[in-house]
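Report on one structure; see the data block that follows.
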Amino acid sequence: MYALVDGNNFYVSCERVFRPSLQNAPLVVLSNNDGCAISRSNEAKALGIAMGAPWFKIKELEETHGLVSLSANFALYGDLSDRMMSLVAGLGHRQEIYSIDESFVDVSGIRGDITQRAFKIRARVLQWVGIPCCVGIGATKTLAKLANHIAKTAERKPGVYPDCYAQVCHLSACTVEEKRVLLQATNVSAVWGVGRRISAQLRAGGIDTVLDLMHMDLTLARTRWSVVLERTVRELQGTPCIDLEDVTPNKKEIACTRSFGEPIVALSHLQQAVTEFASLTAEKMRRQHSCALQVLCFIRTSPFRVKDAQYSRSVVIPLMRATDDTRAIVQAALAGLSHIYQAGFKYAKAGVMLLDLQPAHWHQHELQWMDSMLIDSSTDAIKKQPLMLAMDQLNRRYGRGTLQIASAGEQAATKPWAMKQGRRTPDYTTSWDALPLARA
DNA sequence: TCTGGGGTCCTAGGACCC
DNA sequence: TCTGGGGTCCTAGGACCC
């Protein structure tokens, strides 16, 4: 049996921890570049603001309805997430941190009233971290997700479900009839793994509610759709098909992609941006002790500026051997960039991805090196370590960009491509300079 | 004027092998 | 004149997630 604990409107709730005055305000947190709304308070949702709504389209609500917007502050969210997760872990014996605001907990074999226990954890997270959350409990991860959806909806929209399911919903504790009513009242699109496309197809086939999907023929699910949907149906029926991943597997690819604050034209600026992105991916990769065999670089114009000439290309650069060295990664990314760059376009976005990752201790030597290998078995990769280690430590201690590759260009301020973040709150919990001030 | 970022998994089809 | 069967690996694209 699993519980899914999910912070409500997570980013918005994080901001409210240090700005209690925003408690009842319609509030949104914006994506990078202050582009679109990626987290909305209940009050903002009530104004009809959709997930991902572009800021310029909802900006008028600032004047008319007192809408407040803030730039995303991921350092703050990450830190509050850590605090929340460590409290939530107390719910059971094994925990999977599924995303910044969600975690699954294995609650099988836990004695006592699991619903009461969930309410207690919820209260503790609210009091100690300041984040409201909801808990869903079910026999499988898909059912726990569904229960969580019910708990959240019951809290936010009275009348859709009985009040008793608000905040904590324990599906396995329901009677068959209670469960039937809940599943029948829930749209199939609320199911984990059923997105826009598949729910449209399901509805066209007369499958509208979660109850319908649960009773769907397994063979049909597999042949007409895929094993993924079949698995979902089985999970809804109570057969666990998706295990708890309590050890986080290493990433198989690592990316850093950004939209620019303003369109850029010059190759030199793209080179600076790509250098920075490549350096960030390499640093992330070293953190999980992997090496990459391929580097992908892409650049593109903005598909939203329909009047501009459009251009979008990517290229994959294979590396001679797997590496985690920033210099090699940057070099490859820049080589790729010069290969795909075309003058005359207004570029809106670029990115670097590291592909084909493997553990850092694997070494594949190319054939022509065999001789030297026999003589000297110490490898290049090992010799390089101290420099990258020092670079990571300096950047961690004194801030990102303290030590960087020269092609990243001059420091900060003048970067024309830097992203816009007009309303960022301080790093209240992760930076000494940003500690909130308490007045007597 | 202004539209995010970072991932995973599955499938179909082609290339290739014996 | 007649031309099989079975399998793997890779890639691009689709769908989904938060």
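Dividing the summed helix terms, -39500 (n - 2.57) for each DSSP H run of n ≥ 4, by the number of residues in chain A produces a 222 nm estimate of -11000 deg cm²/dmol to the nearest 500. When you restrict to C-alpha pairs under 8 Å that are six or more residues apart and normalise by the size of the stretch A:96-191, the relative contact order lands at 21 percent.
Here the Gaussian network model covers chain A, with springs between Cα atoms less than 10 Å apart; of A:204, A:418, A:328, A:204 fluctuates the most.
I need the trypsin sites (Lys or Arg not before Pro) found in the stretch A:56-114, filtered to DSSP loop residues with at most 16 other beta carbons within 10 Å of theirs. Don't skip to the end; give the middle numbers.
On the way: sites: A:57, A:59, A:83, A:94, A:111; in loops: A:59, A:111.
Passing both the DSSP loop test and the Cβ count: A:59, A:111.
In the stretch A:134-216, Rg over Rh equals 0.96, where Rg is the alpha-carbon radius of gyration and Rh the Kirkwood radius from pairwise Cα distances.
Average 1/r across all pairs of distinct alpha carbons in the stretch A:1-123, invert it, and you get the Kirkwood radius: 15.7 Å.
For the stretch A:286-352, calculate the relative contact order in percent as a whole number, restricting contacts to Cα pairs under 8 Å that are 6 or more residues apart. Across the stretch A:286-352, relative contact order equals 46 percent.
Per-residue surface analysis assigns residue A:325 an accessible area of about 0 Å², computed on protein heavy atoms at 1.4 Å probe radius. A simple rule links phi to the HN-Hα coupling: the Karplus curve 6.51 cos²θ - 1.76 cosθ + 1.60 with θ = phi - 60°, which for the stretch A:185-194 gives 7, 10, 5, 4, 5, 7, 7, 4, x, 9 Hz, with x for Gly and Pro.
Take every pair of alpha-carbon atoms less than 8 Å apart whose residues are at least six positions apart; their mean separation over the length of chain A yields a relative contact order of 15 percent. Just the number, please: carbon plus sulfur as a percent of the accessible area of chain A, 1.4 Å probe, no ligands or DNA/RNA counted. Carbon and sulfur together cover 54 percent of it. Once backbone amide H atoms are built at 1.01 Å from N, residue A:168 has A:135 as its partners under 5 Å, excluding neighbours fewer than 5 places away on the same chain.
The smallest convex shape that holds all Cα atoms of chain A, its convex hull, gives 208 Å³ per residue.
Under a Gaussian network description of chain A, with springs only between Cα atoms under 10 Å, the residue in A:135, A:352, A:315 that fluctuates furthest is A:315.
Per-residue surface analysis assigns residue A:297 an accessible area of about 0 Å², computed on protein heavy atoms at 1.4 Å probe radius.
Per residue, the stretch A:229-302 exposes an accessible area of 45 Å² to a 1.4 Å probe, with every protein chain left in place.
Mind jotting down the distance between the C-alpha centroids of the stretch A:268-307 and the stretch A:76-124, whole Å? After rounding, the separation between the Cα centres reads 35 Å.
Measure up A:59/A:252; A:45/A:145; A:284/A:349; A:120/A:252; A:59/A:152; A:45/A:420 against 30 Å on the Cα-Cα distance and list the ones that go over.
Too far apart for the 30 Å limit: A:59/A:252; A:120/A:252.
The values are calculated or read from the model by the stated rules, or taken from the named source; none is laboratory data. Quick caveat: nothing in here was measured; it's all calculated off a predicted structure. All Cβ positions, even for glycine, are placed from backbone atoms using ideal geometry, and neighbour counts span all protein chains on display. Just the protein is used for accessible areas: all its heavy atoms, side chains included, with ligands, DNA and RNA removed. Shrake-Rupley method; radii C 1.70, N 1.55, O 1.52, S 1.80 Å.
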